[in-house]
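Asker: Here it is: the structure, laid out below.
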């Protein structure tokens, strides 16, 4: 089964979220992670769980709360009375697809427990390092409406997420189709395994063969550097975003059945790569989700219009 066919099947289970499902595949193939900030009830969990089932990836859901401990995520040493010794018992982070629901409700200490896992694909407990199973995708969600008792993610941690995008509300037609479909049966119960984890690893290898011309690579750098000089941006994107943009670009191009990257591919990824990395001027607007997204999109559009697009042969 091709990635396109996989997305076709998933679109019948999570109606109207094909683009968001594609971003999840991009992150998985690029060996990155995803941050979804949106209101409750827009099918975040349903989409991640369904994709895990179709890819035969082990799934775990971590509900972030203020009393969540780092060991509740990573696991820890447990005494085994039969052997009179301590043994490591792995936590939910050792699954292949992990949904961290409402990550901003966890304390900074628990949030930081994800850092090594996301960046190094490993966990260190009592001086011993344990590799995480591959492929691995961490999807963290945040509810931007109920801010009482939450701990907003620091910029350093947001920067570690490869992609960030909203789920958004469905259109009228999509919501009508969803209601009618669920009145008869829930297609999630008919989902079957379509792709093996080994095939996903093969996809990652294939994506690495995508060619990125020097002109396209320089275009990415120019766009990132432009965020640091924009008058509406307090803090622009980091050099890490250049590296992650390049990885995501290869996955995105390969998913579209092409072998080399173009400026159009770069521009398609710009909102999901840079949107969560910018600290904008304007105070309160940073705390109003949809207003902030509108302002960020205006900034990105302005940057895109001002940075020269490569016109030479990029293949």
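Asker: Largest first and in whole Å, what are the equivalent-ellipsoid semi-axes of region 27-105 based on the Cα gyration tensor, each being the root of 5 times an eigenvalue?
Answerer: The equivalent ellipsoid of region 27-105 has semi-axes of 28, 17, 10 Å.
Asker: Continuing with this model, one more query. Any chance you could tell me what percent of the C-alpha pair distances in the chain go past 26 Å?
Answerer: Summing the P(r) tail past 26 Å for the chain gives 50 percent.
Asker: Can I ask one more? Provide the FRET efficiency to the nearest 0.05 for the residue 60-residue 1 pair, computing r from the beta carbons and using R0 = 35 Å.
Answerer: In this case the efficiency is close to 0.90.
Asker: Run lengths n ≥ 4 of DSSP H only: what is the helix-derived mean residue ellipticity at 222 nm for the chain, with -39500 (n - 2.57) per run over all residues, to the nearest 500? Mind dumping the intermediate values first?
Answerer: On the way: 12 runs with 143 residues, N = 315.
Theoretical 222 nm ellipticity from helices: -14000 deg cm²/dmol.
Asker: For the peptides 271-277, 155-161, 174-180, what is the packing order when you average, over each peptide's residues, the other Cβ atoms within 10 Å and list the highest mean first?
Answerer: 271-277, 155-161, 174-180
Asker: Sorted from largest down, what three extents in whole angstroms do the Cα atoms of region 159-207 have along their principal axes?
Answerer: 41, 31, 16 Å, listed from the longest principal axis down.
Asker: Here's another thing I want to ask about it. What's the exposure ranking of 265, 33, 256, going from fewest to most Cβ atoms within 10 Å?
Answerer: Values: 265 20, 33 24, 256 12.
In order of increasing Cβ crowding within 10 Å: 256, 265, 33.
Asker: If you project the alpha carbons of region 96-147 onto the principal axes, what extent comes out on each, in Å, largest first?
Answerer: 38, 24, 12
Asker: How much length is gained if the chain between residue 45 and residue 211 is pulled fully straight, taking 0.36 nm per residue apart and subtracting their Cα-Cα distance, in nm to one decimal? Kindly include the intermediate steps, with their values, before the conclusion.
Answerer: Values: separation 166, 0.36 × 166 = 59.76 nm, distance 3.40 nm.
Full extension of this stretch gives 56.4 nm more.
Asker: Where the convex hull is taken over the Cα atoms of region 160-315, what is its projected area averaged over directions, in nm²? Write out the running numbers ahead of the final one.
Answerer: On the way: hull surface 48.8 nm².
Reported value for the Cα convex hull: 12.2 nm².
Asker: Right, next: Can you give me the P(r) profile for region 12-149? Cα pairs, bins 10 angstrom wide beginning at 0, each as a whole percent.
Answerer: 11, 40, 32, 13, 3, 0
Asker: May I pose another question? Can you give the extra length, in nm with one decimal, that the chain gains between residue 173 and residue 87 once fully stretched, where that is 0.36 nm per residue apart less the Cα-Cα distance?
Answerer: So the extension gain works out to 25.6 nm.
Asker: For the Cα atoms of the chain, what angle does the longest principal axis make with the long axis of helix 239-255, in degrees from 0 to 90, nearest 10?
Answerer: 90 degrees
Asker: Using 12 Å as the cut-off for backbone N distance, which residues of region 76-112 belong to the label zone defined by a point 7 Å from the Cα of residue 126 along Cα→Cβ?
Answerer: Taking a point 7 Å out along Cα→Cβ of residue 126, the residues of region 76-112 whose backbone N falls under 12 Å are 76-81, 84-90.
None of the figures in this text is laboratory data; all of them are computed from the coordinates on show. Being a predicted model, the structure only gives us computed values, none of them experimental. As a convention, Cβ positions derive from the backbone with ideal geometry for all residues, glycine included, and neighbour counts pool all protein chains shown.
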